[in-house]
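Visitor: Next up is a structure, given as structure tokens.
The values are calculated or read from the model by the stated rules, or taken from the named source; none is laboratory data. Here the structure is a predicted model, which is why all the values come from computation and not from measurement. Reconstructed Cβ throughout: ideal geometry from the backbone, glycine too, with neighbour counts over all protein chains shown.
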Amino acid sequence: MPLPTHLLPTTVVGSTPQPDWLVDRAMLSKSVPRTRMQGMWRLPAEHLEQAQDDATIVAIRDMERAGIDIVTDGEIRRESYSNRFATALEGIDTDNPAIITSRTGIETPVPRVVAKIRRSRPVELRDMEFLRRNTDHAAKITLPGPFTLGQQARDEFYGDDEALAMAFAEAVNAEALDLQKAGADVIQFDEPWVRNNPELARRYAVKAINRALEGITVPTVVHLCFGYAAVVRGSSKPAGYAFLAELDDTIAEQISIEAAQPKLDLGVLRDLSSKKIMLGVLDLGDPQVEPAAVVADRIRNGLKHVPPQRLVVAPDCGMKYMPRDVAFGKLKAMCEAAATVRKEIS
């Protein structure tokens, strides 16, 4: 479907809330799983795909009703933004994940790389085909980025961080090419981990992202965030990105940044002068629905640094962990705010 031609198009970062009848939200709220969390689903395997289809249609309709221009499938079929793709690749031992321990003593199972990474089959192709059949809006699909995939795995095969990331990049690229053929109007890579290890990111993140984008001719996005508000609680989010200007060297058309909750100084956007900016204007750490007037002011602040032709309006991050009514209210306020500002500048 054609992308919107009006100024300040609206979109979502990717995920929308999964309904309580589909997932155990209490289990989901404890972590962002990197290996499979099949126990999260409330339905038996023989009914799960149909239930996910139904919930996906609900998510699409909610986005359309809210006024979103570029919709996604809500990532309804995923336990997290990255684990479904990562664990579908050859070379990952899904039966025996590695365990990493954080500085605070929290143990997290992660994919264990034991052989050459290879994408032997499509992972999200049916998701994209289903989305394309069920909306006449422009449609975006998201994939975990290659740098983040490498950082979220335990390497027991390559012995080299860059080689691992480039192997993931090849797999991501093969998937993205199939998604493009299936009708994706926009393809987004989620790369939150470039901020966790900016020194390593400076060595090869741009190279890996560009490899993953080879041959993609539809608009592409690299999404950065500081983590889900529901998981990164309190004031622990940083106020700026340690790795941002470097992304101007990627071949992605757009860079997506979280700006509302961390109150990001948007002066940093001058370092991305060649890119469109997907600007986060919804604070997902705020349990209340922001008035459209508040969101409009955030859009106007973005326009002080980016011309309207280069600005796309979005939430800060995925909305997976939010109550469904709050997520819908926020999206509706965002679309109303974009329409208000659009009238002011047209």
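Visitor: Mind listing just one residue for me: the one in the range 234-258 that is buried (at least 23 other Cβ atoms within 10 Å of the Cβ) and in contact with a Gly (Cβ under 8 Å, 6 or more places away or on another chain) and, of those, farthest from residue 309 (Cα to Cα)?
Guide: Residue satisfying both the conditions and the ranking: 258.
Visitor: Considering only the range 199-218, how many residues are over 19 Å from the mean Cα position of the chain (by Cα) and in contact (Cβ under 8 Å) with a residue 12 or more places away in the chain? Can you show your working first?
Guide: Taking the range 199-218 as the starting set, the residues that turn out to be over 19 Å from the mean Cα position of the chain (by Cα) are 199-200, 202-204, 207, 214-215, 217.
Those still in the list that are in contact (Cβ under 8 Å) with a residue 12 or more places away in the chain too: 200, 202-204, 207, 214-215, 217.
So the count comes out to 8.
Visitor: Condition first: under 18 Å from residue 13 (Cα atoms) and touching a Phe, Trp or Tyr at 6+ places or on another chain (Cβ under 7 Å). Now tell me which residues in the range 39-62 satisfy that.
Guide: 56, 62
Visitor: Now a separate question. Assess whether residue 306 counts as being farther than 30 Å from residue 165 by Cα, outside any loop (DSSP other than H, G, I, E, B) and among the hydrophobic types (A, V, I, L, M, F, W, C).
Guide: Values: farther than 30 Å from residue 165 by Cα: yes; outside any loop (DSSP other than H, G, I, E, B): no; among the hydrophobic types (A, V, I, L, M, F, W, C): yes.
No.
Visitor: So, one more: Got a number for residues in the range 153-164 being surrounded by fewer than 22 Cβ atoms within 10 Å (Cβ to Cβ) and in contact (Cβ under 8 Å) with a residue 24 or more places away in the chain? Before the answer, list the steps.
Guide: Residues of the range 153-164 surrounded by fewer than 22 Cβ atoms within 10 Å (Cβ to Cβ): 154-163.
Now narrow it down to the ones that are in contact (Cβ under 8 Å) with a residue 24 or more places away in the chain: 154-158, 161-162.
Number of matching residues: 7.
Visitor: Any idea how many residues of the range 35-84 are outside any loop (DSSP other than H, G, I, E, B) and under 18 Å from residue 228 (Cβ atoms)?
Guide: Quick first cut of the range 35-84, residues outside any loop (DSSP other than H, G, I, E, B) only: 38-41, 45-66, 70-71, 74, 83-84.
Applying the additional criterion that residues be under 18 Å from residue 228 (Cβ atoms) yields 40, 59, 74, 83-84.
Here the count works out to 5.
Visitor: Given the options 153, 139, 115, name the one that is under 21 Å from residue 204 (Cβ atoms), among the small types (Gly, Ala, Ser) and modelled with pLDDT of 95 or more. It would help to see each step written out before you state the result.
Guide: Values: 139 fails: under 21 Å from residue 204 (Cβ atoms); 115 fails: under 21 Å from residue 204 (Cβ atoms).
Answer to the selection: 153.
Visitor: What number of residues within the range 322-346 satisfy the criterion of being among the hydroxyl-bearing types (Ser, Thr, Tyr) and either free of Cβ contacts under 8 Å to residues at least 60 places away in the same chain or part of a helix (DSSP H, G or I) (or both)? Even if it seems obvious, please write down each step before you answer.
Guide: To start, the set of residues in the range 322-346 that are among the hydroxyl-bearing types (Ser, Thr, Tyr) comprises 340, 346.
After this cut, where a residue has to be either free of Cβ contacts under 8 Å to residues at least 60 places away in the same chain or part of a helix (DSSP H, G or I) (or both) as well, the list is 340.
The number of residues fulfilling the criteria is 1.
Visitor: Closer than 19 Å to residue 187 by Cβ and modelled with pLDDT of 95 or more: is that true of residue 58 in this structure? Show your work before the answer.
Guide: Numbers: closer than 19 Å to residue 187 by Cβ: no; modelled with pLDDT of 95 or more: yes.
When the stated conditions are applied, residue 58 does not pass them.
Visitor: Could you figure out which of (1) surrounded by fewer than 19 Cβ atoms within 10 Å (Cβ to Cβ); (2) assigned to a helix (DSSP H, G or I) isn't true of residue 136?
Guide: Only one criterion in (1) surrounded by fewer than 19 Cβ atoms within 10 Å (Cβ to Cβ); (2) assigned to a helix (DSSP H, G or I) is unmet by residue 136, namely (2).
Visitor: Yes or no: the range 290-297 includes at least one residue that is under 23 Å from residue 138 (Cβ atoms), in a helix (DSSP H, G or I), modelled with pLDDT of 95 or more and β-branched (Val, Ile, Thr).
Guide: Yes, the range 290-297 has at least one match.
Visitor: Oh, and also: So which residues in the range 61-91 are surrounded by fewer than 24 Cβ atoms within 10 Å (Cβ to Cβ), farther than 21 Å from residue 185 by Cβ and under 14 Å from the mean Cα position of the chain (by Cα)?
Guide: If the condition is that a residue be surrounded by fewer than 24 Cβ atoms within 10 Å (Cβ to Cβ), farther than 21 Å from residue 185 by Cβ and under 14 Å from the mean Cα position of the chain (by Cα), then 83, 84 are the ones that fit.
Visitor: Now for a separate question. When both residues are 6+ apart or on different chains and their Cβ atoms are under 8 Å apart, which pairs have a first residue that lies in the range 290-306 and is under 15 Å from residue 264 (Cβ atoms), and a second that is of a type in the set (D, E, K, R) and at pLDDT below 95?
Guide: So the pair list comes out as 305/270.
Visitor: Here are 182, 201, 174, 208: which of them is of a type in the set (Gly, Ala, Ser), out of contact with any helix residue (DSSP H, G or I) (no Cβ under 8 Å at 6 or more places or on another chain) and modelled with pLDDT of 95 or more? Spell out the reasoning first.
Guide: Details: 182 fails: out of contact with any helix residue (DSSP H, G or I) (no Cβ under 8 Å at 6 or more places or on another chain); 201 fails: out of contact with any helix residue (DSSP H, G or I) (no Cβ under 8 Å at 6 or more places or on another chain); 208 fails: out of contact with any helix residue (DSSP H, G or I) (no Cβ under 8 Å at 6 or more places or on another chain).
Going through 182, 201, 174, 208 in turn, the sole match is 174.
Visitor: Let me ask you something else. Scan the range 314-338 for residues that are under 13 Å from residue 11 (Cα atoms), of a type in the set (A, V, I, L, M, F, W, C) and out of contact with any Asp or Glu (no Cβ under 9 Å at 6 or more places or on another chain) and jot them down.
Guide: Listed by number, the residues that qualify are 314, 319.
Visitor: Test residue 218 against the criterion of being of a type outside the set (Gly, Ala, Ser) and at pLDDT 95 or above, and give yes or no. Don't jump to the end; show me each part of the working.
Guide: Working: of a type outside the set (Gly, Ala, Ser): yes; at pLDDT 95 or above: yes.
For residue 218, the condition - of a type outside the set (Gly, Ala, Ser) and at pLDDT 95 or above - is met.
Visitor: Mind telling me which of the residues 314, 296 ends up being buried (at least 18 other Cβ atoms within 10 Å of the Cβ), small (Gly, Ala, Ser) and closer than 21 Å to residue 76 by Cα?
Guide: Details: 296 fails: closer than 21 Å to residue 76 by Cα.
Of the residues listed, the single one that is buried (at least 18 other Cβ atoms within 10 Å of the Cβ), small (Gly, Ala, Ser) and closer than 21 Å to residue 76 by Cα is 314.
Visitor: Residues in the range 3-22: is at least one in contact with a Pro (Cβ under 7 Å, 6 or more places away or on another chain), among the hydroxyl-bearing types (Ser, Thr, Tyr) and assigned to a loop (DSSP other than H, G, I, E, B)?
Guide: Looking through the range 3-22, none of the residues is in contact with a Pro (Cβ under 7 Å, 6 or more places away or on another chain), among the hydroxyl-bearing types (Ser, Thr, Tyr) and assigned to a loop (DSSP other than H, G, I, E, B).
Visitor: Same structure, new question: Would you tally the residues in the range 26-55 being within 16 Å of residue 322 (Cβ to Cβ), surrounded by 18 or more Cβ atoms within 10 Å (Cβ to Cβ) and in contact (Cβ under 8 Å) with a residue 40 or more places away in the chain?
Guide: 2
Visitor: Pairs only if they're at least six apart or on different chains, beta carbon under 6 angstrom, first in the range 1-19 and touching a residue at least 60 places away in the same chain (Cβ under 8 Å), second buried (at least 24 other Cβ atoms within 10 Å of the Cβ) and of a type in the set (S, T, N, Q); list them, first residue then second.
Guide: 12/72; 14/72; 14/142
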